[in-house]
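See structure below.
The values are calculated or read from the model by the stated rules, or taken from the named source; none is laboratory data. Predicted model only: the values in this text are computed from it and were never measured. Note: ideal-geometry Cβ built from the backbone for every residue, glycine included; neighbour counts use all protein chains shown. Accessible surface is based on the protein model in full, side chains and every heavy atom, while ligands, DNA and RNA are left aside. Shrake-Rupley method; radii C 1.70, N 1.55, O 1.52, S 1.80 Å.
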Amino acid sequence: MARYQSEFTQFLNELKSEKPHLEADQQAGRSLLWDKEPLSTEDLRRAKAAKLKQRAYVYSND
(Lines give C-alpha, C1' and ligand atoms only; values in the text may rest on other atoms or scores of the structure.)
Protein backbone atom coordinates (compact mmCIF):
# COMPACT_ATOMS: atom_id res chain seq x y z
CA MET A 1 0.00 0.00 0.00
CA ALA A 2 2.95 2.34 0.53
CA ARG A 3 3.66 2.40 -3.23
CA TYR A 4 0.08 3.32 -4.20
CA GLN A 5 -0.31 6.50 -6.24
CA SER A 6 -3.66 7.92 -7.21
CA GLU A 7 -4.47 8.66 -10.82
CA PHE A 8 -4.15 12.36 -10.09
CA THR A 9 -0.67 11.94 -8.60
CA GLN A 10 0.36 9.87 -11.60
CA PHE A 11 -1.01 12.56 -13.91
CA LEU A 12 0.92 15.31 -12.11
CA ASN A 13 4.15 13.31 -12.14
CA GLU A 14 3.74 12.62 -15.85
CA LEU A 15 2.94 16.28 -16.57
CA LYS A 16 6.01 17.46 -14.64
CA SER A 17 8.25 15.02 -16.46
CA GLU A 18 6.90 16.16 -19.86
CA LYS A 19 7.13 19.87 -19.00
CA PRO A 20 9.99 20.46 -16.54
CA HIS A 21 9.65 24.26 -16.89
CA LEU A 22 6.05 24.18 -15.59
CA GLU A 23 6.91 24.80 -11.94
CA ALA A 24 9.21 27.73 -12.79
CA ASP A 25 6.42 29.24 -14.92
CA GLN A 26 3.99 28.87 -12.01
CA GLN A 27 6.38 30.63 -9.65
CA ALA A 28 6.94 33.42 -12.17
CA GLY A 29 3.19 33.92 -12.49
CA ARG A 30 2.78 33.97 -8.73
CA SER A 31 5.51 36.56 -8.29
CA LEU A 32 3.88 38.69 -10.98
CA LEU A 33 0.52 38.80 -9.22
CA TRP A 34 1.08 38.10 -5.52
CA ASP A 35 4.65 38.55 -4.33
CA LYS A 36 4.81 42.30 -3.95
CA GLU A 37 7.29 44.49 -2.14
CA PRO A 38 6.03 45.80 1.19
CA LEU A 39 4.52 49.28 1.10
CA SER A 40 6.57 52.17 2.41
CA THR A 41 5.36 54.11 5.44
CA GLU A 42 4.54 57.04 3.15
CA ASP A 43 2.36 54.81 0.94
CA LEU A 44 0.61 53.40 4.01
CA ARG A 45 -0.05 56.91 5.34
CA ARG A 46 -1.48 58.05 1.99
CA ALA A 47 -3.70 54.96 1.73
CA LYS A 48 -5.03 55.51 5.24
CA ALA A 49 -5.74 59.20 4.51
CA ALA A 50 -7.57 58.31 1.27
CA LYS A 51 -9.94 55.82 2.93
CA LEU A 52 -13.58 56.84 3.13
CA LYS A 53 -15.59 56.15 6.25
CA GLN A 54 -18.26 53.53 5.64
CA ARG A 55 -21.82 54.35 6.64
CA ALA A 56 -23.52 52.26 9.30
CA TYR A 57 -26.03 50.86 6.82
CA VAL A 58 -24.46 50.70 3.38
CA TYR A 59 -27.66 49.99 1.47
CA SER A 60 -29.37 53.19 2.55
CA ASN A 61 -29.77 56.06 0.05
CA ASP A 62 -29.16 58.71 2.70
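Structure summary
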item	result
Residue (of 5, 33, 15) at the positive-pole extreme of the stretch 1-43, dipole from beta-carbon charges	5
Between 0 and 90°, nearest 10: helix 22-33 axis offset from the chain longest Cα axis	0 degrees
Whole-number accessible area per residue in Å² for the chain, which is evaluated in the context of all protein chains at 1.4 Å	109 Å²
Inter-part distance where the stretch 33-62 and the stretch 1-29 are each reduced to a Cα centre, Å	40 Å
Surface share of carbon and sulfur [accessible, 1.4 angstrom probe, percent] for the chain	55 percent
Packing rank of 19-31, 42-54, where each peptide gets the mean count of other beta carbons within 10 Å, highest leading	19-31, 42-54
Space enclosed by the convex hull of the alpha-carbon atoms of the chain, per residue, Å³	261 Å³
Proximal aspartates and glutamates relative to residue 16, as straight alpha-carbon distance under 16 Å, when same-chain residues fewer than 8 apart are discounted	7, 25
